[in-house]
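Q: A single structure is presented below for examination.
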Amino acid sequence: MTDSGDIHSIEDLLHAVADYLEWQKRLGHPGLPVDLLLARRQQERERAVSQAASSPSSAPQRTSAPATPTQADTSTERNNDMPRVSKPPVQPIADPTRKPVYTGERLVLESIRSELGDCTRCKLSATRKNIVFGEGNPDADIMFIGEGPGADEDEQGRPFVGRAGKLLDRWIELGMGIPRNQVYIANIVKCRPPNNRDPETDEAETCMPFLKQQIRAVQPRVIVLLGRVPMGRLLGVKEGITRVHGNWYDYEGIPTMPIFHPSYCLRPPQDEKRRIVWEDLKKVMIHLGMPIPGKK
Ligand code: SF4
């Protein structure tokens, strides 16, 4: 190749250019300088790939500043890096063979009642006649939970003693074949909401710690939630009771089933609603290994 120091004429220059192009051709990069620029970039890319291939454990070396990732790039990286999370099942089915296991000392209903005292923790205390704590077998297999006392319950200080309570008694005693005093019955709130309205959030949240302690004291094998309100409060289920009744949920390891509230079944069409309740209660009985009687 001609040394640039030897160029003294146009002819020398032409020879130098010819030699240069010939040299590039031997290198495998024939053509004009613009091709040389592209070829050099290609060489750099190939060198980077070669280096990465020779040391696979090392991080890839960037030959230029990284471009700002586009939204598409970012989402692709996110999709590759993040494990796919499947949605939890809509109806978590508790293991029917499992009994709830609580750590720590078992709570005693009497001490919970004593701690509740003549409660004025929420505004329902202003209008109640009696606190309706709950009643039944402290060792019951089944715990029924409603939303709150009505007028009859407020009067007597006992849960489910009005018309709806009478129907609940029929479900328990005639349907399931269990004396009422062998189950445990309680409510989300222990004082009657005025005009039988739903308990408000502050009232439910203030009162529910006592109910939760009662559940831990009784340790039932099954909880049956009577209607939409206890279902929403204890399980956080927002769907309508007509959609989700009869399905198993899990409350602190206890198989829990929402069913219709007895007062809902006092309104037409009673026969259809009570048939649905009976189908749900049969699931509870099957779960507990109870014999299913014929026609009810
Ligand atoms: S509803 Fe519960 S928290 Fe409210 S006053 Fe009655 S017992 Fe107390």
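Q: Using DSSP to define loop residues, name the trypsin sites (Lys or Arg not before Pro) in region 228-294 whose beta-carbon has at most 16 other beta-carbon atoms within 10 Å.
A: Filter output for region 228-294: K238.
Q: Nearest 0.05, what FRET efficiency do E115 and E173 give at R0 = 30 Å with Cβ-Cβ as r?
A: E between E115 and E173, to the nearest 0.05, is 0.40.
Q: Can you give the accessible area of S111 in Å² (nearest 10), computed on protein heavy atoms with a 1.4 Å probe?
A: Near enough 60 Å² of accessible area.
Q: Of the cross-linked pairs K129/K190; K212/K282; K166/K212, which ones have a Cα-Cα span greater than 21 Å in the structure shown?
A: Beyond 21 Å: K212/K282; K166/K212.
The values are calculated or read from the model by the stated rules, or taken from the named source; none is laboratory data. No experiment lies behind these values; they were computed from the predicted model shown. Cβ: placed from backbone, ideal geometry, glycine included. Neighbour counts: every protein chain shown. Note: areas computed on protein heavy atoms with side chains; ligands, DNA, RNA excluded. Shrake-Rupley method; radii C 1.70, N 1.55, O 1.52, S 1.80 Å.
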